[in-house]
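Derivation of every value follows stated rules applied to the coordinates shown; laboratory data play no part. For clarity, every value in this text was computed on a predicted model and none was experimentally measured. All Cβ positions, even for glycine, are placed from backbone atoms using ideal geometry, and neighbour counts span all protein chains on display.
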Amino acid sequence: MTKPYQRPAAGIGSVRLHLNENTAGCSPRVLDVLRALDCRAAGRYPDYDAAREAASAWFGVGRDKVVLTNGLDEGILAATGVALRDRTSGAEGLGVVPAFEMYEICTRALGAAYRTVPLGTEFVLPYEAIRRAVGPSTRIVFLTNPHNPSGVVTPADRLRCLAREIAPAILFVDEAYAEFAGVTLVDDTVFDELPNLLVGRTFSKAYGLAGLRVGAVLGAARLIRSVREVLPPYSVNAWAAAALPVAIADVAYRDWYLAESAASRAMLADACRRLRLRTWPSAGNFVLMDLGENARPVTEALNGRGIVVRDRSNDVGCAGCVRVTAGLVEDTRRFISELEALLCDAAR
Ligand SMILES: *Cc1c(COP(=O)(O)O)cnc(C)c1O
């Protein structure tokens, strides 16, 4: 049995550093567009061709190589559905642990088994172990790049090699944090060469549209056609469809936020060094830190002080670890000063 997804506490009115959202929210230009929508926009089924056009131009791939989804979560479900259609010789999903929980949840929800390969203490991709674990019943392999919750990056060429080696199983690379890392597999010719590669992207994280729900799945035209077959016809709502082209076009806003996040990440790494907390080199908008036995009490105490972080202690290989979003510098500063105070108290 898989545990159902545990929706973390909302943390209304708190500094939310637990879900890797854009802590500044969406671009103000996006809000202007949303405010201008009227009753009719709400009353009609959405037309999101223009949004798809904007996304395909932004990703630099043909329109037939991208499909928009109701958040990347729906994209993961759809990709899983495509992979598991062929049930001859069994059907299984495969992934690493620790990992984003939706891969296993979706695979099991669709009635297939899910196997895992553990990441080592450095969270480096266990390439050989994955290759060996892929068998005749493996239909899809899920990886996240940069990895969540550690933020560790796998070079794109390793993933292209892996896709080639595990074909015809699908390699699904979840690039939810690609904007922060500046690393992506999204490329028109790569998709032509790798018919079993799917890449997932989201506008929830760097673009601050988590509340609107819009993501994308990209890959070879044929595979994307299959993904579209398992998706409902109106995945993206009218508000998300109106917001997306504007969010993509506001490059200045995105770049400002990426810089805030990078500065926060450096501040968090620095604080961990000062406080002698183990951490890992993150390229995402978050940092995983090892608080040891303080993980739980510190998470709870921070909560009481209006700062929500994600205790990952119960994840495989994450004993004592807490994941903290690297967003606005002002929020990061507040987190660090509260953390320092709590750890000093604990040491007394
Ligand atoms: C946040 C996250 C998602 C979900 O993205 P949505 O577009 O909001 O559904 C998917 N994968 C990973 C690794 C994430 O961290």
Along the Cα→Cβ direction, 7 angstrom out, place labels at D49 and R131. What is the inter-label distance in nm? 4.6 nm
For the stretch 138-266, inverting the pair-averaged 1/r of distinct alpha-carbon atoms gives a Kirkwood value in Å of 15.8 Å
How many angstrom lie between the C-alpha centres of the stretch 205-239 and the stretch 38-101? 4 Å
For the chain, cysteines with no other Cys Cβ under 4.7 Å from their own Cβ are listed as C26, C39, C106, C161, C272, C344
Long-range share for the stretch 1-136, i.e. C-alpha pairs more than 26 Å apart as a percent of all pairs, stands at 49 percent
Build a GNM of the chain with springs between Cα atoms under 10 Å: which of L34, L17, L258 gets the top mean-square fluctuation? L34
In Å, the Kirkwood hydrodynamic radius of the chain over pairs of distinct alpha carbons? 20.8 Å
Return the ratio Rg/(2.2 N^0.38 Å) for the stretch 224-311, where Rg is computed over Cα atoms only. 1.60
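Please give the calculated 222 nm ellipticity per residue for the chain, where each DSSP H segment of at least 4 residues contributes -39500 (n - 2.57) and the sum is spread over every residue; nearest 500 deg cm²/dmol? Numbers along the way, then the final one.
On the way: 14 runs with 148 residues, N = 348.
After summing the helix terms and dividing by the residues of the chain, the value is -12500 deg cm²/dmol.
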Just round it to a whole percent: the fraction of Cα-Cα distances in the stretch 61-161 exceeding 20 Å. 42 percent
